[in-house]
Amino acid sequence: MTETKRFIVNQDDRVIDTFHPSSRPTGSVYEWDSQDDTHLREIVLSARLSGLISDFVFDPPLPRHWADYTDHQRNLTVARNSMLLTLVAVIRASKLNGL
């Protein structure tokens, strides 16, 4: 009996959710990352939550370099990252992580 992997990594080191193959690959995997389903699921979760948070916290287009950010843009970026890390931590600690 073969086990079906829910998440796979493509040639561009992006994670693909095989249950939703029509959605584009999300999240990046680095050479030091584990490629087990649990870790890949957390990469996809973080990438999808990041997109939702970016839609929720609106701000103007960001400059290419951190040094060119205004204080307001830096604060919004830090706020988005804080929200993302908090949501991921809450989900990892809850029963939602097992779904």
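The values are calculated or read from the model by the stated rules, or taken from the named source; none is laboratory data. Note that the coordinates shown come from a computational prediction; the quantities given were computed from them, not determined experimentally. For neighbour counting, all protein chains shown are included, and Cβ atoms are generated from backbone atoms with ideal geometry for every residue, glycine included.
Residues to consider are Arg64, Arg74, Arg41; find the one that is at pLDDT 75 or above and among the basic types (Lys, Arg). Give the steps one after another, and end with the answer.
On the way: Arg64 fails: at pLDDT 75 or above; Arg74 fails: at pLDDT 75 or above.
Every option except Arg41 fails the conditions.
Considering each residue of the stretch 1-52, count those that are hydroxyl-bearing (Ser, Thr, Tyr) and either farther than 28 Å from Thr77 by Cβ or assigned to a helix (DSSP H, G or I) (or both), and give that number.
At the first step, the residues of the stretch 1-52 found to be hydroxyl-bearing (Ser, Thr, Tyr) are 2, 4, 18, 22-23, 26, 28, 30, 34, 38, 46, 50.
When the remaining residues are screened for being either farther than 28 Å from Thr77 by Cβ or assigned to a helix (DSSP H, G or I) (or both), the result is 2, 4, 18, 22, 38, 46, 50.
The total comes to 7.
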Exactly one of (1) at pLDDT 85 or above; (2) exposed (fewer than 13 other Cβ atoms within 10 Å of the Cβ); (3) of a type outside the set (Asp, Glu) is unmet by Ile53. Its number? (2)
